[in-house]
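The values are calculated or read from the model by the stated rules, or taken from the named source; none is laboratory data. This is a predicted model, so every value here is computed, not measured. Positions of Cβ are backbone-derived with ideal geometry, glycine not excepted, and every protein chain shown enters the neighbour counts. Surface areas here come from the heavy atoms of the whole protein model, side chains and all, with no ligands, DNA or RNA. Shrake-Rupley method; radii C 1.70, N 1.55, O 1.52, S 1.80 Å.
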Amino acid sequence: MPGLYNPTVASITLRATMGRRRALLFGLPALVLVLVTLIVKLSHPADPNWPSEILGQLGFTVVLPLTALIIGTSVLGAEIDDGSIVHLLATPVRRSSVIVTKFAVAAGLTLLLVALPEFVAGLIATGGATKLAVGLFVGALAGSVIYNALFVMLSAVTTRAMAAGLLYVLIWEGLLSNLVGGARVLSIGHYSLGIANAIAHDGSLQAGLGLPVAVIMGGIVTAGTLALASQRLARFALRDRKSVV
C-alpha cells in the first residue's frame, strides 16, 4: 500500500487501541480456542475428525469474527465517538490514507491475536505443521483482512458499528450463510473457510465456496468497503468544516 500507509497515524492508532481497557478482550477468544484445543486433544487423542470441526467452526465462526469486530470498530470508531477524529482530519493527511492505515493496524492486530493462535491450535491438534494447520492459518489471515475492512467501513458510516457488526456476525454469518446456499457468496466466514480448505482439503471444514470465488469475492469486498469508508470519511470532514463556518 505505497503512499497510503502513514506510519505516524499507525503509531497513534496502535497506542490508542491497545491502551484502552477493551484491549484486554482482544486476546481472550483466542486463548479460549487454544485451551479448548488442549482439553480436547488430551481427552480425544485418537479422534482424527475433531481438529477441523472445532478449529474450523469455533475458530472461523466465533473467534475470528468477534475479535475482528472488537478491533476493527476500535481503530476508527472510538475517535469518531469522542470527536478526536476532527483533529486528525485537520491535518494534511489524505482520507484514504487514514482509512487504509487504520485498516492495516486492525488487520495486523487480528493476525497476531487470531491467525497465529489458530496456527498454534492447529499444531497442537494435528501434531505438527500439517496441511490443516497451515490451511487454518492462511484462511484466518485472509479473514483477518476482509473482516477488518468491513468493520472499519461500518465505523465510518454509522455510530453503531459494534451493534451492526454483531448483527452481521450473528444473523448473516452464523445463521443465513449456513442455511441459504446463495448467501455464502457474501459470507466472509465462507471466504476464509474456502481459502483454508484449498490447502487443507478437509471436508469437515464445511467450506461453502471454492478457492476462486473466495479469493475474488474477498478482494472485491475488501476493496469496496475500504473505498466506501474513504468516501464517507471525506464527507464527514466536509460537514464538520461547514458546521464550524
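Brief remarks follow.
- Inter-residue pairs, beta-carbon under 6 Å, first among the charged types (D, E, K, R) and in the stretch 90-103, second open to solvent by 30 Å² or more (accessible area, probe 1.4 Å) and modelled with pLDDT under 90, 6+ apart: 95/234
- Considering only residues in the stretch 117-158 that are without any contact (Cβ under 8 Å) to a residue 60 or more places away in the chain and assigned to a helix (DSSP H, G or I), the one that is farthest from the chain's Cα centre (by Cα) turns out to be 123.
- Cβ pairs under 8 Å, 6+ apart, first in the stretch 205-233 and more than 30 Å from residue 53 (Cβ to Cβ) and aromatic (Phe, Trp, Tyr), second at pLDDT below 95 and crowded, with 21+ Cβ neighbours inside 10 Å: none
- Candidates are the residues of the stretch 11-58 that are charged (D, E, K, R) and outside any loop (DSSP other than H, G, I, E, B); the one that is most open to solvent (accessible area, probe 1.4 Å) is 15.
- Any hit, the stretch 196-207, residues being open to solvent by less than 40 Å² (accessible area, probe 1.4 Å), within 19 Å of residue 155 (Cα to Cα) and aliphatic (A, V, I, L, M): no
- Residue that is farthest from residue 132 (Cα to Cα) [pool: residues in the stretch 159-210 that are part of a loop (DSSP other than H, G, I, E, B) and charged (D, E, K, R)]: 160
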